[in-house]
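Only one structure is covered here, and it is reproduced in the block below.
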Amino acid sequence: MMRMIASLARVDQTKIRTGQNLDEIEWNKIASVVGMFKQKNNLFIDDSSGLTPTDVRFARTPSLS
């Protein structure tokens with residue numbers, strides 16, 4: 001998740017992990033990306049190991065029961 005936030009915010013992942021040397025502009029970028037994720041009620045992340053390209057292509061529907 002941290003890698004995705006860093007990529008979308010265009011902020012160095014090390015800075016996010018340590019929380020040091022982040023200026024106000026970078027904090028605002030991170031907050032904007034996190035806010036975007038909070039608005040997405042249908043975002044599911046499958047972090048299962050050993051997924052094949054076929055598994056990713058035909059992603060499993062999460063059960064919410």
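The values are calculated or read from the model by the stated rules, or taken from the named source; none is laboratory data. On a predicted model such as this, the values are computed, not experimentally measured, just so you know. Ideal geometry is used to build each Cβ from the backbone, glycine not excepted, and the neighbour counts take in all protein chains shown.
One table, with the values for the structure above:
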| read-out | value |
| --- | --- |
| Members of region 13-36 that are within 23 Å of Asp47 (Cα to Cα), touching a helix residue (DSSP H, G or I) at 6+ places or on another chain (Cβ under 7 Å) and surrounded by 13 or more Cβ atoms within 10 Å (Cβ to Cβ) | Gln13, Ile16, Ile30, Val33, Val34 |
| Region 12-21, residues that are out of contact with any Leu (no Cβ under 7 Å at 6 or more places or on another chain) and part of a helix (DSSP H, G or I) | Gln13, Thr14, Ile16, Arg17, Thr18 |
| Cβ pairs under 8 Å, 6+ apart, first in region 26-52 and under 20 Å from Ala9 (Cβ atoms), second basic (Lys, Arg) and modelled with pLDDT of 90 or more | Glu26/Lys15; Lys29/Arg10 |
| Residue list for region 22-65, filter: outside any helix (DSSP H, G or I), at pLDDT 90 or above and either over 21 Å from Met2 (Cβ atoms) or more than 19 Å from the chain's Cα centre (by Cα) (or both) | Asp23 |
| Region 6-22 residues that are in contact (Cβ under 8 Å) with a residue 12 or more places away in the chain and at positive phi, paired with ones that are of a type outside the set (A, V, I, L, M, F, W, C) and not in a loop (DSSP other than H, G, I, E, B) (beta carbon under 7 Å, 6 or more apart) | Arg10/Lys29 |
